[in-house]
Amino acid sequence: MKTLYEVLEVSEKASKEVIEKAYKVLVKKYHPDLQDASNKEEADKKMKEINEAYSILSDEIAREKYDEELKMQKQQEESKTYNNYTENSRAKNNQTEQDLYKKQEEILRQQEMYMKKQQEEYVKQQKEMESRYNKAYYNYLKSLGYKVKYKWTWKQYLTLLIIIAVIILIGLILWIIPPTHDWMVGLYEENVIIRVTVNVIIGFFNGIGRIISSIFGIKN
């Protein structure tokens, strides 16, 4: 199985600039919109691999985690090679077998710790990878002149609602405190723009209240 470095056709020690340059070259080469109809499906599959590799290797934190995983895989391969070698020389060197056993235990312990950590972060990493993939793809389409409408996620909507709720809560607290209450009333009476804005907001919430009352049959 190819590593992400092999997908982008760069070395494991490649700098961020080299990775970015390699990504742009591969995008121009494999993007589905630039392929014949017979090659679009294969190109689309290739682009997904390229985008996934770039989304990880272009992010320092994600790349560091991936390098740890790659290092673990290499240790496993070294362990298998070492196992094959010791199977042939076990009768001649019992000490080697004991060393191998200790090394295998250490590798297993590291693998258990690593897998536990990976299980905890798997869902989060998948969401981050999907977000980075979409962002890279949208940016590329924009660079080609396409108009792309970015879709908000539920997390973004929730963040916006929390910000609005916090602003309303701060406003209510300031309204309760006598000094700030008098200041807000004076500001409301003296500033036409603020007065109109506040009246529109109050009218909006009153309208929502009337709609809710009519739905549930509540009479004022």
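Report, in order of residue number, the helices in the chain meeting two criteria: a C-alpha extent of 24 Å or more along the helix axis, and a mean Kyte-Doolittle hydropathy of at least 1.0; treat each whole DSSP H run as one helix.
TM-like helix candidates: 154-176, 192-216.
Would you kindly state how much longer the chain becomes between I215 and T3 on full extension, computed as 0.36 nm times their sequence separation minus their alpha carbon distance, in nm to one decimal?
The I215-T3 span can extend by a further 70.5 nm.
Given a cut-off of 26 Å, name the pairs among K46/K142; K24/K127; K24/K116; K74/K103; K40/K155 whose C-alpha atoms lie farther apart than that in the structure shown.
Violating the 26 Å limit, Cα to Cα: K24/K116; K40/K155.
For E130 and V25 in the same chain, what is the full-extension length gain: residue separation times 0.36 nm, less their Cα-Cα distance, in nm?
Stretched out fully, the E130 to V25 stretch lengthens by 35.6 nm.
Would you tally the net charge around K2, using a Cβ to Cβ cut-off of less than 12 Å, leaving K2 out, and scoring K and R as +1, D and E as -1?
Overall, the nearby charge balance is -3.
With a 10 Å Cβ neighbour count serving as the proxy for reagent exposure, in which order, fewest first, do F216, F205 appear?
The most exposed by this proxy come first: F216, F205.
Neighbour counts of other C-beta atoms within 10 Å: give me R210, R132 arranged from fewest to most.
Starting with the residue having the fewest Cβ neighbours, the order is R210, R132.
Only the coordinates and a few stated rules stand behind these numbers; no lab work does. Quick caveat: nothing in here was measured; it's all calculated off a predicted structure. Note that we place each Cβ from the backbone using ideal geometry, even for glycine, and neighbour counts take in every protein chain shown.
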